[in-house]
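Encoded as structure tokens, the structure appears first; notes follow it.
The values are calculated or read from the model by the stated rules, or taken from the named source; none is laboratory data. Values in this document were obtained by computation on a predicted structure and should not be read as measured data. Surface areas here come from the heavy atoms of the whole protein model, side chains and all, with no ligands, DNA or RNA. Shrake-Rupley method; radii C 1.70, N 1.55, O 1.52, S 1.80 Å.
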Amino acid sequence: MAKDIAKTSKPDPKTYTTDFIKSDMDNMTFLGNPHIDALTHALQALGAEVWTGRRRLYVIEALMARKIPVTPESIQAYMPTAEEEQQWKADRDRMIATVNSPFLRAGDVTFPSDKAFSYDPHKEPEIARRPKSEISK
């Protein structure tokens, strides 16, 4: 079905968009562990939400500076100047770099032991306990 849609779907020349093609991406693991994939996805979604709110705040501040009434319509209709767009893009790029910088420090990573790779959250955890003779000292 998806292959048929892909063959017949042509991009709209005005918007450069095409129909959504569903794939099996929901069941794939990219980072070796589905939990890490989920955390990474959540981090990216949170970053998008934070940036959306920050950009909306920039628009509100720009409207207030121009003494334009702040309404949902005026926020949606606001078109930033080239200077504002450049400043906002620089701030967005800084935010992305800050949020994603831990992923770029590959040289600083200490790789986990084989025991960490075989971790199963559904099994009873192994707890290392000191002998009572050591505790009473």
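Under the rule of at least 5 residues apart or a separate chain, name every residue whose amide H is placed under 5 Å from the amide H of LEU31.
ASP37
Quick one: how many Å² of GLU85 are accessible to a 1.4 Å probe, rounded to 10?
We get 80 Å² for GLU85.
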